[in-house]
1. Does residue 123 satisfy being surrounded by fewer than 23 Cβ atoms within 10 Å (Cβ to Cβ), closer than 30 Å to residue 30 by Cβ and at pLDDT 90 or above?
2. Quick one: residue 89 ticks every box in (1) part of a helix (DSSP H, G or I); (2) at pLDDT 90 or above bar one, so which box is it?
3. Please go through segment 106-131 and pick out each residue that is more than 15 Å from residue 53 (Cα to Cα), out of contact with any Lys or Arg (no Cβ under 6 Å at 6 or more places or on another chain) and assigned to a loop (DSSP other than H, G, I, E, B).
4. Give me the pairs: first residue in segment 44-64 and under 21 Å from residue 81 (Cβ atoms), second residue of a type in the set (Val, Ile, Thr) and not in a helix (DSSP H, G or I), beta-carbon distance under 6 Å, and six or more apart or on different chains, which are they?
Amino acid sequence: MLKTLRQISAVGIVTEPPPGTDDSLRLRETLQQRILNVLGRALCIREVDAGSCNGCELEIQALNNPLYNLEGLVTGPVSKHMEVALRRTYEATPDPKLVVAVGDCGCTGGIFGESYASRGRVSNVIPVDVVIPGCPPSPTRILSGILTALESSAPSVKGFRP
């Protein structure tokens, strides 16, 4: 023990240099400001998992933390068992409504494609306004895609301020 203490006193405290600035934090701040500019408040979203592997849901859940300020998107290829539920959810959502397909599976059917058990991409079942590819896409890409949908429809959506 004494040998270790002597070595510590001879060498001194050794630390790593501080990390550099994180540009993704600036991007998140910019996206948050875009949300406030478009909506004037926080954004609330209804997410439907239509049969995904849950990779996209993990990234969407990251949007629920205080950093992104986003609550409550369709993910996964639409399984035959979820087709009716997805259509009902779409029909029950009041206008104006926007559909954002998240992840490669929601955009293209992904590795599951179309088969006896899968309808494939979300747009095969309901109209899609924006697609966000990736397996899974990052929370920042998801948020950017949502804002693209909002900004492209802002003039026609009552209450939205571009």
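The values are calculated or read from the model by the stated rules, or taken from the named source; none is laboratory data. The shown structure was predicted, so the numbers you read here are calculated from the model rather than taken from an experiment. Cβ: placed from backbone, ideal geometry, glycine included. Neighbour counts: every protein chain shown.
1. yes
2. (2)
3. 114, 115, 116, 119, 126, 127, 128, 129
4. As it stands, the answer is 48/74; 49/75; 50/74; 50/78; 52/75; 56/75; 56/102, since those pairs meet every condition given.
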